[in-house]
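Novice: Okay, handing you the structure first.
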Amino acid sequence: MHTLLQHDLDHLPEILKQACDTALAHLSALPERPVCAPEEHQHLKLGDDRLPETGVGAQLAIAQFWQDYAQGFSASAGPRYFAFVTGGATPAALAADWLVSAIDQNTQLHFDSVASAIELATISQLKQLLGLPESQCGSFVSGATMANFVSMAIARQWLGQQRGVDVAQQGLHALGPIRVISAAAHSSSVKALSMLGIGRDALVNVATLPNSEAIDPQALEQALIESDGLPTLVLASAGTVNTVAFDNLPALLALRERFGFWLHVDAAFGGVAAASSLYAPLLEGWQQADSITVDAHKWLNVPYDSAVQFTAGQHLALQVQVFQNHSAYLEPPSVRPDNYLHLTPENSRRFRALPVWMALKAYGRDGIAEIIDRNVTLAKKLASQLEHTPGFKLLAPVLLNVVCFALDSADGTPGEVAKRNQFLKLLDKAGVVRCTATTLADKPGIRAALVNWMTEEVDIDLALQSMIECRNAV
Ligand SMILES: *Cc1c(COP(=O)(O)O)cnc(C)c1O
């Protein structure tokens with residue numbers, strides 16, 4: 001063994017302790033850490049792109065890394081990072097994630113270790129948490145983008161099957177064009193259309209309900225009539241990123257009865273609201289979706305990267321048709337919900353289920369629901385304070401955990417965009433709260449998405465104070 005490897009093997013306890021101390025240094029400073037790393041700390045140190053011919057051992061490597069880059073990281077895991085939809089990591093989830101690396105299992109098949117049994121059990125617990133039926137099958141993937149991709153790949157296979165075509169064997173050209181209908185498809189679904197060979201142009205955007213991002217079922221009905229029997233996939237939103245609008249899923253299911261399309265529900269973060277009895281009704285009907293996306297690294301507060309893709313049980317064989325992987329040294333595919341090698345894009349897979357499993361064990365349904373309820377309460381509080389603060393206005397009522405607002409007098413002119421951008425820049429620089437830009441109904445807006453388990457009332461006060469200061473400086 002190389003002397004440095006032998007040295008590190010002999011000093012494993014010290015190395016892990018050093019990593020733990022380093023992590024604690026970061027985490028304990030989170031509430032005060034600038035939400036955005038200062039620009040001057042976001043650069044690589046000179047020479048750090050050169051491969052070391054001789055190493056320094058783990059202890060020096062970690063120490064040097066932290067010395068050089070500690071200030072280069074954002075407080076994205078902290079309580080006032082409202083940009084995008086950014087979850088943090090609860091203590092149990094974080095600890096479990098470390099154990100995932102230590103145990104280092106390749107969770108791809110249902111033999112060799114207990115890991116896939118735990119993944120299956122985690123899926124089962126998630127279904128209980130979210131009110132999904134046992135008949136939905138699920139696998140862990142790296143994020144909602146991948147869950148959307150997998151779901152739409154199975155949809156593609158199903159649409160082919162309806163017409164006697166095996167797309168996985170014959171290719172998409174044997175089926176011909178697919179129609180994809182949505183009102184507010186997430187950009188990751190549009191990316192998936194490209195990755196799947198369906199093509200971005202296949203997407204037909206239909207109208208939303210007035211003053212809403214939710215699909216207008218009548219407009220959808222009209223589009224389905226016009227589809228005239230073309231293979232059709234409908235992308236429903238269960239929580240849009242700007243206003244957390246939920247499509248009327250029972251209405252969509254009724255249309256599915258008549259038109260026979262594949263219904264995919266992108267519930268990347270909105271789906272987790274089903275853990276709270278207060279908001280579970282928003283998801284009514286999703287139990288019958290053909291496929292569903294739920295992110296774990298957003299509102300479930302596990303570390304990156306983690307999401308779950310659900311497939312209605314009757315479609316599992318189609319999922320195997322798409323993702324089966326034959327090799328002399330591998331177990332042949334069979335239709336089972338824990339045959340992950342044959343159900344997901346990856347061959348080798350991290351033991352991604354463990355952080356969710358541990359978080360559910362540590363905090364239970366109550367604990368997760370409390371995060372949801374608190375985030376929503378605080379989002380509403382932030383909204384009502386912004387509404388009553390000169391210089392701000394809401395762009396939409398707060399339906400759940402995202403506040404979509406604008407600088408007052410914003411009327412969509414380019415000058416307003418510049419002002420908004422300037423405001424966000426100042427906000428980043430102040431470092432107290434991070435928000436991101438958006439456009440809602442052609443108006444330049446700002447989003448604050450609350451999904452972090454640490455966010456408390458005091459964070460809303462601090463955030464608002466910083467927003468007012470930056471507003472006054474624009
Ligand atoms: C975040 C998000 C995605 C993409 O998720 P990743 O985990 O970043 O891949 C897809 N859909 C919706 C609605 C989202 O909020």
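No value in this document is a laboratory result; all are computed from the given coordinates. This structure is a prediction, so every number in the text was calculated from the model and none was measured. So basically every Cβ, Gly included, is an ideal-geometry build from the backbone, and we count neighbours across all protein chains shown.
Novice: Could you tell me which of rounded, prolate or oblate describes the chain, using a ≥ b ≥ c as the square roots of the eigenvalues of the alpha-carbon gyration tensor, with rounded for a/c under 1.5 and, failing that, prolate when a/b is larger than b/c and oblate otherwise?
Specialist: Verdict is oblate for the chain.
Novice: At 222 nm, what value in deg cm²/dmol follows for the chain if DSSP H runs of at least 4 each add -39500 (n - 2.57) and the sum is divided by all its residues, to the nearest 500?
Specialist: Using -39500 (n - 2.57) per qualifying helix, the result is -13500 deg cm²/dmol.
Novice: Follow-up question, since we're still on this one. So who's got an amide H within less than 5 Å of the one on Gly445, skipping anything under 5 residues away but keeping other chains? H placed 1.01 Å off N, in plane.
Specialist: HN-HN under 5 Å from Gly445: Thr438, Thr439, Leu440.
Novice: For Ala121 and Glu32 in one chain, what is 0.36 nm times their gap in residues minus the Cα-Cα distance, to one decimal in nm?
Specialist: Stretched fully, the Ala121-Glu32 segment lengthens by 28.3 nm.
Novice: Quick check: pseudo-label points 7 Å beyond the Cα along Cα→Cβ at Asn347 and Phe111, how many nm apart are they?
Specialist: It works out to 1.9 nm between the two label points.
Novice: Pull out a ≥ b ≥ c, the square roots of the eigenvalues of the alpha-carbon gyration tensor of region 47-125, then state rounded if a/c is under 1.5, prolate if not and a/b is larger than b/c, and oblate in the remaining case.
Specialist: Oblate is the answer for region 47-125, as a/c is 1.5 or above yet b/c matches or exceeds a/b.
Novice: While we're here: DSSP beta bridges in region 96-359, what fraction antiparallel, as a percent rounded to 5?
Specialist: Among the beta bridges of region 96-359, antiparallel pairing accounts for roughly 45 percent.
Novice: I'd like to verify something in the chain: which complete DSSP H helices, judged by Cα projection on the helix axis, reach 20 Å or more and average at least -0.5 on the Kyte-Doolittle scale?
Specialist: 12-28, 115-130, 144-162, 353-387, 457-473
Novice: Let me ask something else. Report, in whole Å, the centroid distance computed from the Cα atoms of region 286-313 and region 374-396.
Specialist: 28 Å
Novice: Between Asp21 and Leu330, what's the calculated FRET efficiency when r is the beta-carbon distance and R0 is 51 Å? Round to 0.05.
Specialist: 0.75
Novice: Let me ask something additional. In the chain, what percentage of the DSSP-assigned beta bridges are antiparallel, given to the nearest 5?
Specialist: That works out to approximately 60 percent antiparallel.
Novice: When each pair of different Cα atoms in region 173-274 is counted once in the 1/r mean, what is the Kirkwood radius in angstroms, to one decimal?
Specialist: That comes to 13.8 Å for region 173-274.
Novice: Just report the Cα centroid separation between region 31-51 and region 92-148, whole Å.
Specialist: Measuring centre to centre over Cα atoms gives 33 Å.
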